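The values are calculated or read from the model by the stated rules, or taken from the named source; none is laboratory data. Since we're looking at a predicted model, the values are computed, not measured. Don't worry about glycine lacking a Cβ; one is built from the backbone with ideal geometry, like all the others, and counts go over all protein chains shown.
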Amino acid sequence: MARWAGARAHRIGLMAKARSPKVAAGASSAKPVLLSGGNPQIAKGYGDAPVQAYIAAMPGWKSEVGRRLDQLITQAVPGVQKAVKWNSPFYGMEGEGWFLGIHCFTKYIKVAFFRGMSLKPVPPDESKSKDTRYFHIHEDDQLDEAQFVSWVKQASQLPGERM
């Protein structure tokens, strides 16, 4: 179990979709399929419910870590918008696009900061995308919550990615 220190939507379309009654927000009662690397297969959806379904389906220790990351993001950025796209949770600001995404791999969770090269300090893991930086969390890692929250707050104030 993980130990923790200290316990392309368009600008206008992003939030319109988030409020759309046509998009199912509930989780299915069937257990989600785990894709390659243990990433949960969750239907595309906007709002908190699909993100919570993803987190609940994260295998093993990753679910606890996912809950804590979601809690830290939500506390750091009041009014953060959430969605699941391409089997990954995304976090963004209304009218500004997505600033962060999460994805499960076999041995770690990847947190993608889409404008990570603009963060201080720059998150440690490189990406093929010139602006994106990653932060990987392994099972026995100790999360520096203060640093993570700082990155989240900084990222939320930058223009987001439109996906």
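Here is a check on your reading of the model: is PRO89 in a strand (DSSP E or B) and touching a Phe, Trp or Tyr at 6+ places or on another chain (Cβ under 7 Å)? Yes, satisfied. Testing GLY37 on (1) of a type in the set (Gly, Ala, Ser); (2) in a loop (DSSP other than H, G, I, E, B); (3) more than 19 Å from LEU158 (Cα to Cα), one condition comes back false. Which one is that? Status for GLY37: all satisfied but (2).
Can you name the condition, by its number, that THR106 falls short on among (1) under 19 Å from ALA43 (Cα atoms); (2) of a type in the set (S, T, N, Q); (3) surrounded by fewer than 19 Cβ atoms within 10 Å (Cβ to Cβ)? Only one criterion in (1) under 19 Å from ALA43 (Cα atoms); (2) of a type in the set (S, T, N, Q); (3) surrounded by fewer than 19 Cβ atoms within 10 Å (Cβ to Cβ) is unmet by THR106, namely (1). Are any of the residues in segment 37-49 touching a His at 6+ places or on another chain (Cβ under 6 Å), at pLDDT 95 or above and surrounded by fewer than 20 Cβ atoms within 10 Å (Cβ to Cβ)? Scanning segment 37-49 turns up no residue that is touching a His at 6+ places or on another chain (Cβ under 6 Å), at pLDDT 95 or above and surrounded by fewer than 20 Cβ atoms within 10 Å (Cβ to Cβ).
Test GLU126 against the stated conditions and say whether it is modelled with pLDDT under 95, farther than 19 Å from LEU35 by Cβ and crowded, with 18+ Cβ neighbours inside 10 Å. Against the criterion (modelled with pLDDT under 95, farther than 19 Å from LEU35 by Cβ and crowded, with 18+ Cβ neighbours inside 10 Å), GLU126 does not qualify. Just to be sure, is ILE109 of a type outside the set (Gly, Ala, Ser) and in a strand (DSSP E or B)? Here the answer is yes, as ILE109 does meet what is asked. Among the residues of segment 67-79, some residue qualifies, meaning at least one is within 14 Å of VAL111 (Cβ to Cβ), small (Gly, Ala, Ser), under 14 Å from the mean Cα position of the chain (by Cα) and in a helix (DSSP H, G or I).
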